[in-house]
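First comes the structure, then the notes that go with it.
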Amino acid sequence: DVKVTQSSRYLVKRTGEKVFLECVQDMDHENMFWYRQDPGLGLRLIYFSYDVKMKEKGDIPEGYSVSREKKERFSLILESASTNQTSMYLCASILGQGAREQYFGPGTRLTVT
Amino acid sequence: GQNIDQPTEMTATEGAIVQINCTYQTSGFNGLFWYQQHAGEAPTFLSYNVLDGLEEKGRFSSFLSRSKGYSYLLLKELQMKDSASYLCAVRDEAGSARQLTFGSGTQLTVLP
C-alpha cells in the first residue's frame with residue numbers, strides 16, 4: 001500500500017524558532033513536493049525535488065528551504081518561523097513525470113505564536 | 001503561468017446530481033486532475049483527463065475540453081459522504097517536473 005508520512009500532525013512553535021517538517025515516502029518515487037494550504041487560497045507549491053539533492057522553487061518559496069539527502073525523505077525548513085507561516089503543510093510524491101497520481105501525506109497543521 | 005478557477009461553494013441534495021466546473025488558462029498543458037479532500041484529511045486522487053471527452057468512473061465522471069480550457073466533475077447519486085472539497089489541478093507541459101497547479105477548491109455540501 002502506498003504511503004507518504006509526515007513527522008507531525010500538529011505542531012506549535014514560537015516566532016523566530018527554526019522548524020523542521022519531515023516527509024517520508026516508501027514508494028521509491030522520484031518527485032516530491034511541499035505545499036501549504038490556506039482557506040480561499042488552495043494548495044500552493046513551496047518547493048519541489050525531482051532527484052536526490054535536487055530542488056526547485058515553487059510559487060511561494062520565500063521564508064522556506066528544503067533538503068533531500070535521500071530519495072525517500074524530503075524536509076521543509078522554516079529558518080525563522082513567523083506568524084504568517086501558520087498553515088496546513090502537505091507533502092506529496094509521484095513516481096515520475098508521466099505518472100497519473102500524486103500521493104499526499106496526512107498534513108501537518110503548524111501554528112506559529 | 002497558470003490560472004485555475006472553480007466555484008468556492010456548492011450545495012446539493014442527497015441522491016441528486018451535481019456538476020463542478022473548472023476553467024483554466026495555462027502556458028502549458030499535460031493533463032487535468034480532480035482530487036477530493038475531506039475536512040482535516042489529505043487530498044485523494046479522483047480522475048485524470050488528458051484528451052477531450054468524458055471519463056467515467058462509477059458515480060463520478062470528468063469531462064475535458066482543451067480548446068475551451070474547461071473541465072467539469074460530475075457526481076451522480078450524491079451521498080452524504082460526498083461532502084468534501086473538490087480540487088481541480090492542471091499538470092504543466094510534458095517534461096516538467098513541477099507537476100500540478102491547483103485551483104482553490106470547491107466546497108460541496110450534501111444535504112439530506
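No value in this document is a laboratory result; all are computed from the given coordinates. Note that the structure is predicted; figures quoted are calculated from it, not measured. In this analysis, Cβ positions are derived from the backbone assuming ideal geometry, glycine residues included, and neighbour counts consider all displayed protein chains.
Which residue pairs have Cβ atoms under 7 Å apart, sit 6 or more places apart or on different chains, and have a first residue in the stretch A:44-70 that is without any contact (Cβ under 8 Å) to a residue 60 or more places away in the chain and β-branched (V, I, T) and a second that is surrounded by 13 or more Cβ atoms within 10 Å (Cβ to Cβ) and outside any strand (DSSP E or B)? The qualifying pairs are A:I46/A:G58; A:I46/A:I60; A:I46/A:P61; A:I46/A:Y64; A:V52/A:K71.
Considering A:S75, A:S82, the condition of being more than 9 Å from chain B (Cβ to nearest Cβ), under 11 Å from the mean Cα position of the chain (by Cα) and among the hydroxyl-bearing types (S, T, Y) is satisfied by A:S75 alone.
Every residue, every condition in (1) among the hydrophobic types (A, V, I, L, M, F, W, C); (2) in a loop (DSSP other than H, G, I, E, B); (3) surrounded by fewer than 19 Cβ atoms within 10 Å (Cβ to Cβ), yes or no:
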{"position": "A:T5", "(1), (2), (3)": "no, no, yes"}
{"position": "A:S8", "(1), (2), (3)": "no, yes, yes"}
{"position": "A:T15", "(1), (2), (3)": "no, yes, yes"}
{"position": "A:L21", "(1), (2), (3)": "yes, no, no"}
{"position": "A:H29", "(1), (2), (3)": "no, yes, no"}
{"position": "A:Q37", "(1), (2), (3)": "no, no, no"}
{"position": "A:S49", "(1), (2), (3)": "no, no, no"}
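Looking at B:F63, B:F29, B:F33, which one is more than 12 Å from chain A (Cβ to nearest Cβ), of a type in the set (F, W, Y) and assigned to a strand (DSSP E or B)? If you could, list the steps in order and put the result at the bottom.
On the way: B:F29 fails: assigned to a strand (DSSP E or B); B:F33 fails: more than 12 Å from chain A (Cβ to nearest Cβ).
That would be B:F63, the only listed residue that is more than 12 Å from chain A (Cβ to nearest Cβ), of a type in the set (F, W, Y) and assigned to a strand (DSSP E or B).
Is it the case that some residue within the stretch B:47-66 is of a type outside the set (A, V, I, L, M) and within 21 Å of A:D59 (Cβ to Cβ)? Checked the stretch B:47-66: no residue is of a type outside the set (A, V, I, L, M) and within 21 Å of A:D59 (Cβ to Cβ).
Table: residues versus (1) in contact (Cβ under 8 Å) with a residue 12 or more places away in the chain; (2) among the hydrophobic types (A, V, I, L, M, F, W, C); (3) surrounded by fewer than 16 Cβ atoms within 10 Å (Cβ to Cβ).
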position	(1), (2), (3)
B:T26	yes, no, no
B:Q36	yes, no, no
B:A39	yes, yes, yes
B:F63	yes, yes, no
B:R66	yes, no, yes
B:G69	yes, no, no
B:Q99	no, no, no
